[in-house]
Ligand code: GLA
């Protein structure tokens, strides 16, 4: 009988507990565990940078055990539908790289209405007056400084190739409606000017979108107009901008050793160029961190939801010049 007694000794408190909680007399009511769900919305889901960002955010989700809802939002309409969708799924917060930073106020309003926390990544959201929305925490690259690194990299390689500045055209792939894109290319322009590069040899090619195809089309016009120029240095807001221009140069029969293009990014777009047996005009890129932008923003959102600890208002990340020479080493160092 000793055996039965000991079982009862174990079961009795459990039974009592059940009874008490079912009648509602429990001293400490059991809180329902709300599953944590976080959205991650990006403007260009097909771009390798954003795929890397998602991949690193997935890592954070796996570590912390939250659900990550990833949605591509190529335009304002899709974006608003995605936010509604997140609210319906009872997501507590989301990270966003918007298709247009001017949608900032609409994002803030909808999120507030639905009780959703928001973190902006890559592109800082702006208000009606064009000012950054300070109440939405932001993580982005330090655009101007990274642009300067691009400019300095171009100058260094120009020198290594013994090019005379008078025979070189500088092509700025521009997308000035996006502040970070403007800052990035301005940094490069200023670095070139500081080194005495002739302003008369600087040309703009305005992209209609931020992808390779739009860059190709914009650069194509510039190369047609400036057919007399012997050598080109090319820079832009991201790897896609520079790659599009490099492809356009190739279609104008400009030899790859007549071109130095340096992008910003360092994901697959750049890598595909570096692994080609012969060097192309895509000389280098400033490697930035999709891990910080993906993993860290997702972690920050998780902490904000679970520990009510809001992230820093602005976090700017840095980059490193990467070329064929150091790409393998740099990528390994950065866990890519
Ligand atoms: C912008 C660009 C992307 C990438 C990120 C990096 O969103 O469109 O290509 O460069 O910035 O922050």
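What follows is calculated from the coordinates using simple rules that are stated; it is not laboratory data. In this text the structure is predicted, and so the values were computed from the model without any measurement. Here the Cβ is made from the backbone with ideal geometry for all residues, glycine too, and neighbour counts use every protein chain on show.
What pairs come up if the first residue lies in segment 311-323 and is more than 30 Å from residue 280 (Cβ to Cβ) and in contact (Cβ under 8 Å) with a residue 60 or more places away in the chain, the second is part of a strand (DSSP E or B) and within 12 Å of the ligand (Cβ to nearest atom), and their beta carbons are under 6 Å apart, counting only those six or more places apart or on different chains?
314/138; 315/139
Filter segment 29-66 down to residues that are more than 16 Å from the ligand (Cβ to nearest atom), surrounded by fewer than 21 Cβ atoms within 10 Å (Cβ to Cβ) and not in a loop (DSSP other than H, G, I, E, B), then give me how many there are.
Counting residues in segment 29-66 that are more than 16 Å from the ligand (Cβ to nearest atom), surrounded by fewer than 21 Cβ atoms within 10 Å (Cβ to Cβ) and not in a loop (DSSP other than H, G, I, E, B) gives 6.
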